[in-house]
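Below is a structure I'd like to ask you about.
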Amino acid sequence: MHKRILLAGTAAAFLAGCHASKPTTSATSPTLETLGSTAVPASEFAYVYRKNNSSAPEYGTTASVQEYLDLYTNFKLKVLEAEQRGLDTTQAFRRELDGYKQQLAQPYLTEKSVTDKLVREAYDRLSKEVNASHILVRVQPDAAPKDTLAAYQKIAALRQRATSGEDFSKLARETSEDPSARENGGRLGYFTAMQMVYPFESVAYATPAGQVSQPVRTRFGYHIIKVNDVRPAQGEIKVAHLMIRATPGMPAADSATARKKVDELYNRLARRGENWEKLVTQFSEDAGSAANGGELPPFGTGRMIPSFEEVAFKLQKPGDISQPVQTPYGWHIIKLIEKQPVPSFEAMEPTLKSKVAKDSRSELNRTAFLKRVRTENNFTENQAGKEYAFAKADTALVMGRFQYTTPAPATPAKGKKVTGDAQTLFTIGGKPYLVSEFLAYAQQNQKPRPGADARFAMQQLYDQYVDQSLTDYEKANLETKYEDYRMLVKEYRDGILLFQLMDEKVWSKAIEDTVGLQKFFADNQAKYQWEPRVQATVISAASPELLTTAQQLQKTGRYPLRNGLPAPVGFRAASAELPASVPALDDLAARLAADQSVSLTAVGRVKRGEASPLARRRADRVVAYLKGKGIAADRLRATADTKPASSQVTFELTTTNPAALEQMLNTQNPLAVQVQQRSFQKGENKAVDQFLTSAPGTYTTQQDGRYYAIVVEKQLPAGPKTLAEARGQATSDYQNFLEKEWLNQLRAKYPVKVNQAEVDKLVTK
């Protein structure tokens, strides 16, 4: 897919801020060139050249224009061939293009001015944090008017009680329909912009500290908000923590042990000054952060459990360590790494735009967008048609069982007004939308609304239908309204076609045509040559001590595998016999067959009361079973552990793969030791470059802060590479060869004639 992205996505960065562009019709544009009988408009090439080259220093020079014209011509020839083959008519192509068009349309289905205002408002609010409590009376977003009124009257009465002196926390516990209010008295703690639904956030920020807001409606229902405090934003902080688990339901003795453990760790950190990373690695029970010194992602107000957050923000200087603090997860010692103030608007703008698009405030943007589309396209309702449609509402609609059958089309008598299902419901840009179409939509999109008025249920569906119709109308006209969108869709369209044909003619062909690749490689053997090389083992370590340890282990040639060991194979008591088929041993045999670097030791064991010789017989029996599956005897070994344990055979695995040596030594630091065993030529490894002409032997050196041991095994002279050794480069070169040959064929099939006068108009330097 990477090739497709390069071909089809080159204009993605030009999506933003393009609403004001005027459409340019290719039909009125002079011809830049013809490919066979197909004309390429000059305006199309000028647009693409300007967009992809305008920031280059050589933009507008003769060389730049000509170079891009050559590339563009090759591109258009390939697309033309794809069209001639009908690749643009397939269902798969249309489905893929439609998916891209849906994505590309999104930035055009908004109001940029509204987005900009919401982004700036969100940033300004981020400078403050509000501590608030609330009381909720639930009501559904699409509730019937009588239910909405009842909820409003209830919340208004509660506000009257709150402003008359009743304790807000007590009132919230007794009346709020937010389940958490029973525990927290409606308290939400501190929060900032983008953390609450937009209507709630707006009212909270507009209410002075100590006062209770007017009722505000969100998708959850009606709220009243008491603002307890307003403070400047604390920004974000980055901390690390050491955690000892202690959950609320654990036994008292275990809880006390956890507290003693965290107190001792705090004493060792704060009083004895022991190493933070070392203690975190050894003792922290947060597996997700312990390996990284306990570091957590940066967070701001309202992102963490309040007790943790409160202590963390009180730390003043990087390196400060808190006393143990308890949360529902356990005990934490917190270390401040850094404090980060609220970033600049320019730094936050892209993130805020993305959040605004997903936030509940995006409804304001959508409302403004729909209002504009209504106005621009003269949205007009036919009241008679609307009344006719609404008269169809009945109890079946309320129950979600409304049925509608579209009547057979009838031709009205000349001069007679259209009535009934065939009459217009509304028009957008002069296009009529019929009553029958809306009623079919109502049947498909209805849902039960128990207790609702039938006409109200129909009104809800009508509003949805109007909004969808306005949006679909705007989508259908984007290509004629916005040149940037039209050209971007065209780029994606051509890119999809080009990908399909390039894959067939070049990319896959170069891989699958083994005979052609071999001939190309033989014809160009001079390009694929080795320089003088050495066969060597290179050990790189972070310290001299680690290097010495790695060298000692490397000399053995075999390394124990620590992970992925096979499960033990059990035996019946006092028996050394195996069934004819043991699935676990079959899987083990397949693993050994797949990885020839691995050898196995079977360790026989006995339980108390069994004869000691059984242990070795069991191991021998397992080894014999694996030999019977085709595993070479020199890779299998049997031994016994006669210390009473259980009636089974366990396994030890070793490998010659140096990755296992790295794994042994890199438990604390994944880059502590690296081992490579292969041939090296000049320029591939700075440390090895020093010994390219050295005799076989072991050499040590330092390079860029690392310690190296280089075991030179033999010198390899210069000479030709085999196809296997050069396959990657040869395949790439063969692809270029195939593409060049194909382009020659296309230029012969579709002769290129350039209108040089139009090309010269783009030369400005």
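Identify, please: which residue in the stretch 66-113 is closer than 23 Å to Lys51 by Cβ and of a type in the set (Ser, Thr, Tyr) and is, among those, nearest to the chain's Cα centre (by Cα)?
So, considering only residues that are closer than 23 Å to Lys51 by Cβ and of a type in the set (Ser, Thr, Tyr), the one nearest to the chain's Cα centre (by Cα) is Tyr100.
Still on this structure, I have one more. Which count do you get for residues in the stretch 549-574 that are free of Cβ contacts under 8 Å to residues at least 24 places away in the same chain and over 42 Å from the mean Cα position of the chain (by Cα)?
Matching residues across the stretch 549-574 total 3.
Can you say whether Tyr699 is touching a helix residue (DSSP H, G or I) at 6+ places or on another chain (Cβ under 6 Å), of a type in the set (Ser, Thr, Tyr) and not assigned by TED's automatic domain parsing to the domain that holds Asn563, as far as the supplied structure shows?
no
Out of all the residues in the stretch 83-95, which are assigned to a helix (DSSP H, G or I), surrounded by fewer than 18 Cβ atoms within 10 Å (Cβ to Cβ) and of a type outside the set (Phe, Trp, Tyr)?
Of everything in the stretch 83-95, those that are assigned to a helix (DSSP H, G or I), surrounded by fewer than 18 Cβ atoms within 10 Å (Cβ to Cβ) and of a type outside the set (Phe, Trp, Tyr) turn out to be Glu83, Gln84, Asp88, Thr89, Gln91, Ala92, Arg94, Arg95.
I'd like the residue in the stretch 299-325 that is modelled with pLDDT of 90 or more and among the aliphatic types (A, V, I, L, M) and, out of all such residues, is nearest to Met194 (Cα to Cα).
Ala312
Pairs please, first residue from the stretch 581-606 and under 16 Å from Arg637 (Cβ atoms), second anywhere and surrounded by fewer than 15 Cβ atoms within 10 Å (Cβ to Cβ) and among the aromatic types (Phe, Trp, Tyr), Cβ atoms under 9 Å, 6+ apart in sequence or on different chains.
As it stands, the answer is none, since no pair meets every condition given.
Does the stretch 509-530 hold any residues that are acidic (Asp, Glu) and either surrounded by 13 or more Cβ atoms within 10 Å (Cβ to Cβ) or in a strand (DSSP E or B) (or both), and which are they?
Asp513
Ok, one more. On the given criteria, is Tyr465 in contact with a helix residue (DSSP H, G or I) (Cβ under 6 Å, 6 or more places away or on another chain), part of a helix (DSSP H, G or I) and not basic (Lys, Arg)?
yes
Something else about it: Output the number of the condition that Leu171 fails; it satisfies all remaining conditions of (1) assigned to a helix (DSSP H, G or I); (2) free of Cβ contacts under 8 Å to residues at least 24 places away in the same chain; (3) not basic (Lys, Arg).
Leu171 satisfies all of (1) assigned to a helix (DSSP H, G or I); (2) free of Cβ contacts under 8 Å to residues at least 24 places away in the same chain; (3) not basic (Lys, Arg) except (2).
If you don't mind, another one. Report the residue count in the stretch 218-259 for those that are within 30 Å of Ser133 (Cβ to Cβ) and without any contact (Cβ under 8 Å) to a residue 24 or more places away in the chain.
1
Related question: Within the stretch 341-397, take every residue that is among the aliphatic types (A, V, I, L, M) and not in a helix (DSSP H, G or I) and give me the one that is farthest from the chain's Cα centre (by Cα).
Ala391
Hey, does the stretch 312-324 have a residue that's free of Cβ contacts under 8 Å to residues at least 40 places away in the same chain, buried (at least 18 other Cβ atoms within 10 Å of the Cβ) and outside any strand (DSSP E or B)?
Yes.
Turning to a different aspect of this structure: Pairs under 6 Å by beta carbon, first residue closer than 14 Å to Asn669 by Cα in the stretch 533-547, partner of a type in the set (Lys, Arg), six or more apart or different chains?
The qualifying pairs are Ser540/Arg706.
Taking the residues in the stretch 362-393 that are among the small types (Gly, Ala, Ser) and under 22 Å from Thr406 (Cβ atoms) as candidates, determine which candidate is surrounded by the fewest Cβ atoms within 10 Å (Cβ to Cβ).
Taking the candidates together, the pick is Ala391.
Scan the stretch 402-425 and tell me whether some residue there is in a helix (DSSP H, G or I), hydroxyl-bearing (Ser, Thr, Tyr) and outside the structural domain of Asn267 (by TED's automatic domain parsing).
no
Got a sec? Which of Lys146, Lys117, Lys154 is closer than 30 Å to Gln234 by Cβ and in a helix (DSSP H, G or I)?
Lys117
Also, quick follow-up: Would you confirm, using the coordinates I've provided, whether Val506 is closer than 15 Å to Val79 by Cβ, in a helix (DSSP H, G or I) and β-branched (Val, Ile, Thr)?
Criteria met by Val506.
Please tell me if Asp116 is within 24 Å of the chain's Cα centre (by Cα), surrounded by fewer than 16 Cβ atoms within 10 Å (Cβ to Cβ) and under 30 Å from Phe369 (Cβ atoms).
No: the conditions fail for Asp116.
Looking for something in a loop (DSSP other than H, G, I, E, B) and surrounded by fewer than 12 Cβ atoms within 10 Å (Cβ to Cβ) - is there at least one such residue anywhere in the stretch 450-461?
Yes, the stretch 450-461 contains at least one residue that is in a loop (DSSP other than H, G, I, E, B) and surrounded by fewer than 12 Cβ atoms within 10 Å (Cβ to Cβ).
For the stretch 636-711, which fully contained strands (runs of 3 or more DSSP E) count at least 3 residues that are closer than 20 Å to Ser597 by Cα and in contact (Cβ under 8 Å) with a residue 60 or more places away in the chain?
Result: 648-655, 673-681.
Next up: Considering only the stretch 556-565, I want to know if a residue exists there that is of a type outside the set (Phe, Trp, Tyr), outside any helix (DSSP H, G or I), farther than 30 Å from Ser646 by Cα and at pLDDT below 90.
The answer is yes; a qualifying residue exists.
Could you list, in sequence order, the residues of the stretch 328-343 that are more than 20 Å from Ala270 (Cα to Cα) and surrounded by fewer than 17 Cβ atoms within 10 Å (Cβ to Cβ)?
Selection gives Pro328, Tyr329, Gln340, Pro341, Pro343.
Let me spell it out: the conditions are (1) assigned to a helix (DSSP H, G or I); (2) charged (D, E, K, R); (3) crowded, with 18+ Cβ neighbours inside 10 Å, and Glu33 meets all of them except one. Which number is the exception?
(1)
Show the residue pairs meeting these rules: Cβ distance below 9 Å; 6+ apart or different chains; first residue within the stretch 750-761 and free of Cβ contacts under 8 Å to residues at least 12 places away in the same chain; second residue outside any helix (DSSP H, G or I).
Pairs found: Ala757/Pro30.
Can you give me the number of residues within the stretch 721-760 that are surrounded by 14 or more Cβ atoms within 10 Å (Cβ to Cβ) and either over 30 Å from Leu501 (Cβ atoms) or basic (Lys, Arg) (or both)?
3
Being of a type in the set (Ser, Thr, Tyr) and in a helix (DSSP H, G or I) is the filter; apply it to the stretch 47-82 and report the residue that is surrounded by the most Cβ atoms within 10 Å (Cβ to Cβ).
Selected residue: Thr73.
What is the residue count in the stretch 137-166 for residues that are surrounded by 13 or more Cβ atoms within 10 Å (Cβ to Cβ) and touching a Lys or Arg at 6+ places or on another chain (Cβ under 6 Å)?
So the answer is 1.
Among the candidates Asn267, Asn275, Asn228, single out the residue that is within 19 Å of Gln195 (Cα to Cα) and of a type outside the set (Lys, Arg).
So the residue among Asn267, Asn275, Asn228 that is within 19 Å of Gln195 (Cα to Cα) and of a type outside the set (Lys, Arg) is Asn228.
Sticking with this structure for a sec: Hey, could you check the stretch 472-494 for residues that are of a type outside the set (Asp, Glu), out of contact with any Lys or Arg (no Cβ under 9 Å at 6 or more places or on another chain) and within 27 Å of Leu439 (Cα to Cα) and say which is surrounded by the fewest Cβ atoms within 10 Å (Cβ to Cβ)?
Ala476
Output the number of residues of the stretch 295-311 satisfying the condition of being aliphatic (A, V, I, L, M) and not in a loop (DSSP other than H, G, I, E, B).
Residues meeting the conditions: 1.
The values are calculated or read from the model by the stated rules, or taken from the named source; none is laboratory data. Quick caveat, the model's predicted, so the values are computed rather than measured. Every residue, glycine among them, receives a Cβ derived from its backbone with ideal geometry; neighbour counts consider all protein chains shown.
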